Amino acid sequence: MMAAAAFDTHAFIKRLESAGMDVRQAEAVSDAVGSIVLDTVAAKADVLATAQDLRLEMREMEQRLTIRMGAMTAATITILGAMIAFHR
């Protein structure tokens, strides 16, 4: 998904021109910087999708942990039961 970043190319070009840069060079720099901004800035939708993925992963991990804890508890009870039975 492409990020919709707030990058005012016109203002950026004018700022470069006011610093003495040729308009064609300023436009080229603006295009390059604009591309970098769009490629590196995450949009709100990107962040929300990642958060949803993380929630699902955490839920799956919680389920696996619950199953493992249940198995460990059952094994502990079995071992303690066997120890009590053989101790008598």
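The table below gives the values:
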read-out: Some residue of the stretch 45-53 being within 29 Å of the chain's Cα centre (by Cα) and among the charged types (D, E, K, R); value: yes
read-out: Residues (of a type in the set (A, V, I, L, M) and open to solvent by 100 Å² or more (accessible area, probe 1.4 Å)) located in the stretch 56-68; value: 58, 61, 65, 67
read-out: Among the residues listed as 18, 30, 35, the single one being in contact with a Phe, Trp or Tyr (Cβ under 6 Å, 6 or more places away or on another chain) and not aliphatic (A, V, I, L, M); value: 30
read-out: Subset tally (residues that are closer than 30 Å to residue 7 by Cβ and either touching a strand residue (DSSP E or B) at 6+ places or on another chain (Cβ under 9 Å) or not small (Gly, Ala, Ser) (or both)) for the stretch 39-80; value: 11
read-out: Criterion (open to solvent by 100 Å² or more (accessible area, probe 1.4 Å), among the aliphatic types (A, V, I, L, M) and either part of a helix (DSSP H, G or I) or at pLDDT below 95 (or both)) met by exactly one of 45, 6; value: 6
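The values are calculated or read from the model by the stated rules, or taken from the named source; none is laboratory data. As the structure is a prediction and not an experimental result, all values here were calculated from the model. Using ideal geometry, Cβ is built from the backbone for each residue, glycine included, and neighbour counts are taken over all protein chains shown. Keep in mind that these areas ignore ligands, DNA and RNA; they rest on the heavy atoms of the full protein, side chains included. Shrake-Rupley method; radii C 1.70, N 1.55, O 1.52, S 1.80 Å.
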